[in-house]
Structures are given as C-alpha cells and as structure tokens.
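Read through the structure below, which is laid out as structure tokens, and then see the notes.
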Amino acid sequence: MQIHLLKSKIHRAEVTGANVNYEGSLTVAEDFMEKAGIVPYERILCGNMANGHRFETYAIPGQRGSGAIILNGGVAHLGKIGDRLTIMSYALVDADEAKGWTPKIIVLGEENKILSERGI
C-alpha cells in the first residue's frame, strides 16, 4: 500500500509579486526550492493565510537569493503582495517507509528570511 505524505513545505512565504498576464504557476526563489526539495514544474498546493484561498499549480524557479514568491496567471487573483502562503508538495510513499518519514520544512519570516528548517 502507498499513501500520500507531505514531502516539502515552505511556511509563511510572503508574496512579493503578482503577474496575471503570465501563463501560470508560482515563482519561488530557487534556493528555497532546493532547500525544501521542490523541483522545477513540480505540482504544489498553496494555502493563502490572509484570505483562506487554496490553489494547486506548479513551481518555477525564481532568482536565487531574491526571496521571490510570485503569483502568476489566474492565481494572481487569489492573493496580493504581502500575503503569507504555505507552499506544500506531497509524495506517494510505501506504508513501511512512511513510519520513519520526515518532510523537509522551512519557515520564513520578515523579508522571506529563513527562520527555521526541519528535516533538511
């Protein structure tokens, strides 16, 4: 049996931009993606802490070290600059492997600086 488990989470990521004219996705600073174990074009689920909206899209890498979190395409209507997002990805894991599973989690603070890391 396999189950879906949290693989990666970027918690409290502050939205730094929005571009409704872009074709879609969420731009995430490349260093955040690497640290959390999210690969380019990976499916992600996002929760907006400011308004409760949840949306599914895919991650694309932004400039390393920029702190970029940019809503693109239609999801640009689901938040605004300054909103805080929880960005999550999941993995399909064998039940036996799940017993010792640890997701990679980073928590961001002001100016999207990393406050804490777990499972890294």
- Message: List pairs: first residue in the range 55-74 and farther than 13 Å from Thr16 by Cβ, second residue modelled with pLDDT under 95 and assigned to a loop (DSSP other than H, G, I, E, B) anywhere in the structure, Cβ distance under 6 angstrom, at least six positions apart or on different chains.
- Response: Gly73/Tyr22; Gly73/Glu23; Gly73/Gly24
- Counting just the residues of the range 15-35 that are in contact with a strand residue (DSSP E or B) (Cβ under 6 Å, 6 or more places away or on another chain) and charged (D, E, K, R), which one comes out surrounded by the most Cβ atoms within 10 Å (Cβ to Cβ)? Glu30
- Item | Residue that is nearest to the chain's Cα centre (by Cα), among those in the range 11-35 that are in a loop (DSSP other than H, G, I, E, B) and within 20 Å of Gly82 (Cβ to Cβ) | Val15
- For the range 40-59, which residues satisfy the criterion of being within 16 Å of His11 (Cβ to Cβ) and either β-branched (Val, Ile, Thr) or in contact with a Cys (Cβ under 8 Å, 6 or more places away or on another chain) (or both)? Ile44, Arg54
- Can you tell me which residue among Leu45, Leu71, Leu5 is among the hydrophobic types (A, V, I, L, M, F, W, C), under 10 Å from the mean Cα position of the chain (by Cα) and not in a helix (DSSP H, G or I)? Leu45
- Note on the structure: Of the candidates Ile38, Ile106, Ile81, the one satisfying the condition of being in a loop (DSSP other than H, G, I, E, B), in contact (Cβ under 8 Å) with a residue 60 or more places away in the chain and not hydroxyl-bearing (Ser, Thr, Tyr) is Ile81
- Based on what the data block shows, is Tyr58 of a type in the set (Ser, Thr, Tyr), farther than 22 Å from Gly109 by Cα and part of a strand (DSSP E or B)? yes
- Note on the structure: How many residues of the range 81-118 are within 22 Å of Tyr41 (Cα to Cα) and either acidic (Asp, Glu) or surrounded by 13 or more Cβ atoms within 10 Å (Cβ to Cβ) (or both)? The answer is 16
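The values are calculated or read from the model by the stated rules, or taken from the named source; none is laboratory data. In this text the structure is predicted, and so the values were computed from the model without any measurement. So basically every Cβ, Gly included, is an ideal-geometry build from the backbone, and we count neighbours across all protein chains shown.
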